[in-house]
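Below: one structure, written as structure tokens.
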Amino acid sequence: MVLTEHMKQSGVTPALLKTTKKIKCPNCGLEFSLFQSRAIACKGCKKGAFGCQLARCLRCDTEFPLEGPLVKDWEKQKLLAEYMNGIVNNYNKSVGKKGNR
């Protein structure tokens, strides 16, 4: 998906767009986004507070690195993981939810 001018005006960033890209679980083949993974499968995981650089499958709970499916190197993997963790933390704070399952 291409970041359009309207999307930029609405506050969509390249990093946010990347979190919505579909990734495939290497174990069961389910396709999902990093956004879904962090909001559903990773909710409450202690690693999330420390910048976890893994995606977790919604179906089989397999964890796998973001490097490869979403980013090309370790440094970008770390930045994307921290960005996504920040989004989930901000959401939880704004609705008064705790980050545990």
Ignoring solvent entirely, what values of log10 I(q)/I(0) come out of the Debye formula for the chain at 0.10, 0.12, 0.19 Å⁻¹ when each Cα is a single scatterer?
-0.27, -0.38, -0.94
Can you give the helix-only mean residue ellipticity at 222 nm for the chain, where every DSSP H stretch with n ≥ 4 adds -39500 (n - 2.57) and the sum goes over all residues, rounded to the nearest 500 deg cm²/dmol?
-10000 deg cm²/dmol
Which one, 70, 54, 30, has the greatest fluctuation when you compute a Gaussian network model over the chain with C-alpha springs under 10 angstrom?
30
Among 54, 81, 91, the residue whose Cα sits farthest towards the positive end of the charge dipole of the chain, when +1 is placed on the Cβ of each Lys and Arg and -1 on the Cβ of each Asp and Glu, is 91
For every other residue with a beta carbon closer than 10 angstrom to the beta carbon of residue 84, add +1 if it is Lys or Arg and -1 if Asp or Glu, then tell me the sum.
+1
Computed about the Cα centre, the charge dipole of the chain from +1 Lys/Arg and -1 Asp/Glu charges at the Cβ has a magnitude in debye, to the nearest 20, of 380
Looking only at 29, 86, 44, which one moves most when the chain is put into a Gaussian network model with springs between Cα atoms under 10 Å?
29
Would you please give the residues with an amide H less than 5 Å from that of residue 62, counting only those at least 5 places away or on a separate chain, with H modeled from the backbone geometry?
57
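Every number in this text was worked out from the coordinates using simple rules, so none of it is lab data. Keep in mind the model is a prediction, meaning the values are calculated, not measured. Note that we place each Cβ from the backbone using ideal geometry, even for glycine, and neighbour counts take in every protein chain shown.
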